[in-house]
Amino acid sequence: MPRYRIAPSLLSANFARLGEEVADVIGSGADWIHFDVMDNHYVPNLTIGPLVCEAIRPLTQAAIDVHLMVKPVDRIIPDFARAGANIITFHPEASEHVDRSLSLIRESGCQAGLVFNPATPLALMDHVMDKLDIVLLMSVNPGFGGQKFIPETLHKLRLARARIDAYREKSGRDILLEVDGGVKADNIAEIALAGADTFVAGSAVFGAARDDDPHHYDSIISALRAALAGI
Ligand code: DX5
Ligand code: ZN
């Protein structure tokens, strides 16, 4: 597994050309596709669902990282698994039974993760570590792309890293640590130093100049990787 993963968020992509956007961003060297699902209930915005996941699935071998910002979560999990999701994460506040939702994701054949809002305490992961493949820390409040990185996340990342490392010592199993919101080429290095290994970037990637060249995302993906290589 590579040390770091870059997961562009489709939220900032051109929805009228979504298939090309997926192909171009992966062709430019991104690792995963981050897929933001919002329901205008758990968060005040409405985005895309399993039908869109199914439509982009044949276009790439890359993992599709489904970030559920919906309430309730359980009913929609099997739909995303059938639509080709590889990873499904959800917010603990949105599930009545967090342990059950994590099991359901795994039983559906996907990797499972919990998402922590900026004010959500990390202790919520303590009793479900065995069921986690990934932990996602929000570095903005969920709902919109293009927000500013909340600096307290750096401290929270260090605490999450310590929990994950202690668990690895004990169990021999690794859990990925992903960060989502306001990640750019000029802050990704300090975010990695705080302990993140997987980086969602929406506006930083898709906000980069676009034209008909399928390699238009090469320079921004390279810039993110160069910043990580410089650590
Ligand atoms: C926000 C979403 C993010 C968003 C990140 O609720 O979960 O994935 O797309 O966008 P940027 O990178 O622009 O902050
Ligand atoms: Zn997201």
Worksheet item: Restricted to the range 89-110, and to residues that are of a type in the set (S, T, N, Q) and touching a Pro at 6+ places or on another chain (Cβ under 9 Å), which residue is farthest from LEU137 (Cα to Cα)?
Response: SER108
Discussion item. Testing ASN14 on (1) surrounded by 15 or more Cβ atoms within 10 Å (Cβ to Cβ); (2) over 30 Å from GLY195 (Cβ atoms), one condition comes back false. Which one is that?
Written reply: (1)
Response to the item:
Conditions (1) within 24 Å of VAL70 (Cβ to Cβ); (2) away from ligand 2 (no atom under 16 Å from the Cβ); (3) within 16 Å of the chain's Cα centre (by Cα) -> ALA192 fails only (1)
Fill in: Subset of the range 202-222 that is within 14 Å of ligand 1 (Cβ to nearest atom) and out of contact with any Gly (no Cβ under 9 Å at 6 or more places or on another chain) - its residue that is most open to solvent (accessible area, probe 1.4 Å)
ALA208
Practice prompt. Would you please name the residue that is nearest to ligand 1 (Cβ to nearest atom), looking only at residues in the range 34-76 that are among the charged types (D, E, K, R) and open to solvent by 70 Å² or more (accessible area, probe 1.4 Å)?
Written response: LYS71
Worksheet item: Quick check: anything in the range 94-103 under 22 Å from ASN45 (Cβ atoms), open to solvent by 40 Å² or more (accessible area, probe 1.4 Å) and assigned to a helix (DSSP H, G or I)?
Response: no
Worksheet item: Can you tell me how many residues in the range 132-150 are assigned to a loop (DSSP other than H, G, I, E, B), open to solvent by less than 30 Å² (accessible area, probe 1.4 Å) and within 13 Å of ligand 2 (Cβ to nearest atom)?
Response: 4
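The values are calculated or read from the model by the stated rules, or taken from the named source; none is laboratory data. Values in this document were obtained by computation on a predicted structure and should not be read as measured data. Heads up, the Cβs are rebuilt from the backbone with ideal geometry, glycines too, and the neighbour counts pull from every protein chain shown. What goes into the accessible areas is simple: the full protein's heavy atoms, side chains included, and nothing from ligands, DNA or RNA. Shrake-Rupley method; radii C 1.70, N 1.55, O 1.52, S 1.80 Å.
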